[in-house]
Amino acid sequence: MHVFNTLLPVFTEYGYIAVFVMLLICGFGVPVPEDVTLVTGGVIAGLGFANEHNMVVVGLSGVLIGDGLIFFLGRIFGDGITRLPMLRRVLTPERFAQAQDKFAKYGKWVMFVARFLPGLRTPVFLTAGMTGRVGVPTWLLMDGFAALISVPLWVYLGYYGAKNFDWLFSMVRRGQHIILGVLLLGAVYGAIHWWRRRKADPDL
């Protein structure tokens, strides 16, 4: 993994601060995989450069603060946030329409699913804040619940695989496939539920 090889020496040298800053950057849609960032944080703990439990706390903090910045920027500045060059590239009109459609079909659970999908996360959180579709408690519950699943999973996987990269990369790929499969099944179930509601009440 090229990203892993790039992050490892930086994280080894700067530790928790580097992991925290990278997770904040991930929240703004920068194309650095969050799972690889967390796994790399776990690896440096496994190599003795950090404590694995503290790394989980740092990971949760970076993830929730990064997501929260996006959510509250949308909530505070509304449509004006899209005038910022970086965010304008992230929340294109097409992505905004897709996010609106996902909220209409799946409701608040879009926030949970978006946590696991980097390309969807930033547009969904911006849209949630801009439109007021999701209140602060609901955002925190959905995002926090998802983070409590994903962050420890990736950090501890990196920790236990720090001495065997072949096994680690194999498990990362397997874990990514399992997560995508579960989310796909959830999306199919949600779409069927939405279609039945729509059929029963065409005004929805």
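Annotation note: of Gly68, Gly15, Gly48, Gly78, the sole residue that is surrounded by fewer than 20 Cβ atoms within 10 Å (Cβ to Cβ) and either of a type in the set (Phe, Trp, Tyr) or within 16 Å of the chain's Cα centre (by Cα) (or both) is Gly68. All conditions but one from (1) aliphatic (A, V, I, L, M); (2) under 18 Å from Leu8 (Cα atoms); (3) in a helix (DSSP H, G or I) apply to Val110; the one that does not is (2). Only one of the listed residues (Val134, Val39, Val63, Val30) is modelled with pLDDT under 90 and within 15 Å of the chain's Cα centre (by Cα). That residue is Val30.
Out of Thr138, Thr92, Thr127, one residue alone is surrounded by 16 or more Cβ atoms within 10 Å (Cβ to Cβ), among the β-branched types (Val, Ile, Thr) and either touching a residue at least 60 places away in the same chain (Cβ under 8 Å) or on the phi < 0 side of the Ramachandran plot (or both). It is Thr127. Tally up the residues in the range 115-124 that are surrounded by fewer than 18 Cβ atoms within 10 Å (Cβ to Cβ) and among the basic types (Lys, Arg), please. Of the residues in the range 115-124, 0 are surrounded by fewer than 18 Cβ atoms within 10 Å (Cβ to Cβ) and among the basic types (Lys, Arg). Screening Phe71, Phe116, Phe103, Phe77 for residues that are at negative phi, in contact with a Ser or Thr (Cβ under 9 Å, 6 or more places away or on another chain) and part of a helix (DSSP H, G or I) leaves exactly one candidate, Phe103. With the structure loaded, tell me whether Asp166 is crowded, with 20+ Cβ neighbours inside 10 Å, modelled with pLDDT of 85 or more and of a type in the set (D, E, K, R) or whether it fails that test. Answer is no for this residue.
The values are calculated or read from the model by the stated rules, or taken from the named source; none is laboratory data. Not measured: the values here are computed from a predicted model. Because the Cβ atoms are built from the backbone with ideal geometry, glycine has one as well, and the counts that use them run over all protein chains shown.
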